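To keep things clear, I will list the structure first and then write my remarks on it.
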Amino acid sequence: MKAHDGMYIGGTWRPAATADTIAVVNPADEQVLAHVPAGTADDVDAAVRAARAAFPGWAATPPADRAARLATLRDVLAARQGEIAETVTAELGAPPKLAGTVHAGLPVLVAGSYAELAATYAFEEKVGNSTVLHEPIGVVGAITPWNYPLHQIVAKVAPALAAGCTVVLKPAEDTPLTAQLFAEALDEAGLPAGVFNLVTGLGPVAGQALAEHPDVDLVSFTGSTAVGRRIGATAGGAVKRVALELGGKSANVILPGADLARAVAVGIANVMSNSGQTCSAWTRMLVHTDQYDEAVALAAEAVAKYTPGDRLGPLVNARQQQRVRGYIEQGVAEGARLVAGGPEAPRETGYYVAPTVFADVTAEMTIAQEEIFGPVVSILRYEDEDDALRIANGTVYGLAGAVWGPQDEAVAFARRMDTGQVDINGGRFNPLAPFGGYKQSGVGRELGSHGLAEYLHTKSLQF
Ligand code: NAD
């Protein structure tokens, strides 16, 4: 598969500081697809310098002109959707349909939303005798994960560019080819040199150098809570802004009176999509004791449709596959009941995990507390609404969730949940709604106007 052998810095593909490379592996067949350069602190420094040099010009570019660049980016991403989907399938293993609709489709929507927001956002407002200016923060260091390789990038870079910031991106080492395509798309969109820069490389090397660089004004990170905690501490030490999108352990709460069959089927689909590698996945299904057995039977039926190698893709790499299989073994060891799947790999080749459903899961079990990041659903039993709320809120995370039931009751329950997003009775994804976590799921919000505000700081002029 096509790959650049350099870094995109200052508007051109430049040789990397060293000859070290990272192999990109197709998780469905375990074959090496390509190699990309393994960036070092020197590459990061060159990229930050380019971003700093480009900042005054881009910050002074009228919002309407920034909007026009983003609209062109949206069009380029739309025109290259097929190529993007193929690349995501190759390096992440996403089934082609999911790659086309979600992985390649959603970034077009998000880029388009920021083209509109850049043109319409109130970058100045009146507050009494003051004029408040919302100004770009400066150079953004963006560090992204592999699970939605292009979406995670666009959810940071598009609002940063709309705000007038310049960016250095360090994408996940498992999915750098999609990031290279994104750099090509921005180049094709005519973005001025240095406004966006790409450094591929390992997290503890290039990622850490970016997070620690003194000339980066804001670090925006999406990934694991363990790494996010360190990045937050580093940013705190330097007194710089940080945005963290971290893990999740979301609850799918099915209240009595819900359409049980639909709630279970949509809940299973929500977790199986992207092989469970979704931070907001509803991995804990909470069912009233009177409907518990019926829900378990429906879940076992629903999950049978997810054949590994067809509707269910592999996990991204061997390490994640081992990790998830380890969690399944731990669930069994702690006394949960397997009703589908299990720890055995369902295919000889590829990093596949069997679609797995556990019943008789209790709130304190490891599989009900820790993020598994694989195709594993735990079904928990509750006695009444207070019990359900205690279980739903009883983890360190608070990223997303779902409630099913009579509308008023479902909304009342959702108001009591400690979480950043709740879908009521299968509510549709909204690319303009703020996305982000309560508790250890993160700091800050992405998407829509709330996501744009993360890249701005304010100055008040008094008259
Ligand atoms: P990860 O934290 O290992 O890696 C994320 C990114 O950080 C990668 O680009 C990686 O190279 C980089 N990185 C790793 N170590 C670093 C360091 N010491 N300094 C700087 N950068 C470093 O996570 P992952 O395995 O890529 O992704 C899976 C995790 O991400 C899951 O826990 C998932 O919940 C979380 N996630 C959260 C969201 C969200 O929006 N909240 C979205 C996607 C993934």
Original post:
Taking strands (runs of 3 or more DSSP E) that fall entirely within region 227-336, which contain at least 1 residues that are within 30 Å of ILE22 (Cβ to Cβ)?
Top reply: 241-245
Subject >> Residue tally, condition in a loop (DSSP other than H, G, I, E, B) and closer than 13 Å to ALA155 by Cα, over region 431-454 >> reply: 9
Original post:
Could you say which residue among THR87, THR72, THR61 is within 19 Å of LEU456 (Cα to Cα) and of a type in the set (S, T, N, Q)?
Top reply: THR61
Original post:
assigned to a helix (DSSP H, G or I), over 16 Å from ASP174 (Cα atoms) and open to solvent by less than 40 Å² (accessible area, probe 1.4 Å) - does that describe any residue in region 34-43?
Top reply: yes
Original post:
On the given criteria, is ALA142 within 21 Å of PRO431 (Cα to Cα) and more than 16 Å from the ligand (Cβ to nearest atom)?
Top reply: no
**OP:** Consider only pairs whose beta carbons are under 8 Å apart and that are at least six residues apart or on different chains; among these, list those whose first residue lies in region 322-343 and is under 21 Å from ARG381 (Cα atoms) and whose second residue is among the acidic types (Asp, Glu).
**Re:** TYR327/GLU370; GLY335/ASP360; ALA336/ASP360; ARG337/ASP360
Original post:
Among LEU447, LEU456, which is the only one that is more than 16 Å from GLU245 (Cα to Cα), in contact (Cβ under 8 Å) with a residue 24 or more places away in the chain and not assigned by TED's automatic domain parsing to the domain that holds ALA388?
Top reply: LEU456
Subject >> All positions within region 373-394 that are at negative phi, open to solvent by 10 Å² or more (accessible area, probe 1.4 Å) and in a loop (DSSP other than H, G, I, E, B) >> reply: GLU383, ASP384, ASN393, GLY394
Original post:
Do you know which residues across region 416-450 are charged (D, E, K, R), more than 11 Å from the ligand (Cβ to nearest atom) and under 30 Å from HIS134 (Cβ atoms)?
Top reply: ASP418, ARG428, LYS439
Subject >> Neighbours by Cβ (under 6 Å, 6+ apart or cross-chain): first from region 178-205, assigned by TED's automatic domain parsing to the domain that holds TRP13; second more than 12 Å from the ligand (Cβ to nearest atom) and of a type in the set (Lys, Arg) >> reply: ALA189/ARG69; LEU191/ARG69
Original post:
Only one of (1) open to solvent by less than 10 Å² (accessible area, probe 1.4 Å); (2) in the same structural domain as ALA142 (by TED's automatic domain parsing); (3) more than 11 Å from the ligand (Cβ to nearest atom) is not met by LEU255, so which one is it?
Top reply: (2)
Subject >> Residue identified as of a type outside the set (Lys, Arg) and either under 19 Å from LEU452 (Cα atoms) or open to solvent by 10 Å² or more (accessible area, probe 1.4 Å) (or both) among PRO159, PRO176, PRO149 >> reply: PRO159
Subject >> Pick from region 204-234, criterion open to solvent by less than 10 Å² (accessible area, probe 1.4 Å), in contact with a Lys or Arg (Cβ under 6 Å, 6 or more places away or on another chain) and not hydrophobic (A, V, I, L, M, F, W, C), ranking: farthest from the ligand (Cβ to nearest atom) >> reply: SER220
Original post:
Is there a residue being closer than 22 Å to GLN180 by Cβ, open to solvent by less than 30 Å² (accessible area, probe 1.4 Å) and away from the ligand (no atom under 16 Å from the Cβ) anywhere in region 75-82?
Top reply: yes
Subject >> Where a residue in region 383-396 is closer than 21 Å to LEU246 by Cβ and its partner, wherever it lies, is surrounded by fewer than 18 Cβ atoms within 10 Å (Cβ to Cβ), with Cβ under 6 Å and at least six apart >> reply: ASN393/ASP418; THR395/GLN369; VAL396/LYS439
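The values are calculated or read from the model by the stated rules, or taken from the named source; none is laboratory data. Quick caveat: nothing in here was measured; it's all calculated off a predicted structure. FYI the Cβ positions are ideal-geometry reconstructions off the backbone, even for glycines, and counts take in every protein chain you see. To get the accessible areas, we keep the full protein, side chains included, count just its heavy atoms, and leave off ligands, DNA and RNA. Shrake-Rupley method; radii C 1.70, N 1.55, O 1.52, S 1.80 Å.
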